[in-house]
Amino acid sequence: MLVSGYSGIGKSSVVHELHKVLVPPRGLFASRQVRSVQGVTYLIPRSRKPFQSLIRAILTKSEAELNSWREGIS
């Protein structure tokens, strides 16, 4: 999902509230703020934080769930 809009209108707050309600019962969540300059969005390639949080969440799963992830990835 992409959330866009003017600076300071509460986009991050909306995403964090949705995260609280939707993610725990249904899945995993990673987010990243990006910068847009003159309509072009820039994502810094070295941004590892969203992936690190996803990997940590996956590694806390049970062995059966980890095996499911392994099968899905390979």
Just to verify a result, which residue in the stretch 5-41, among those that are of a type in the set (Gly, Ala, Ser) and assigned to a loop (DSSP other than H, G, I, E, B), is modelled with the highest pLDDT?
10
Quick check on my filter: what residues within the stretch 51-74 are within 27 Å of residue 33 (Cα to Cα), part of a helix (DSSP H, G or I) and hydroxyl-bearing (Ser, Thr, Tyr)?
53
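The values are calculated or read from the model by the stated rules, or taken from the named source; none is laboratory data. Predicted model only: the values in this text are computed from it and were never measured.
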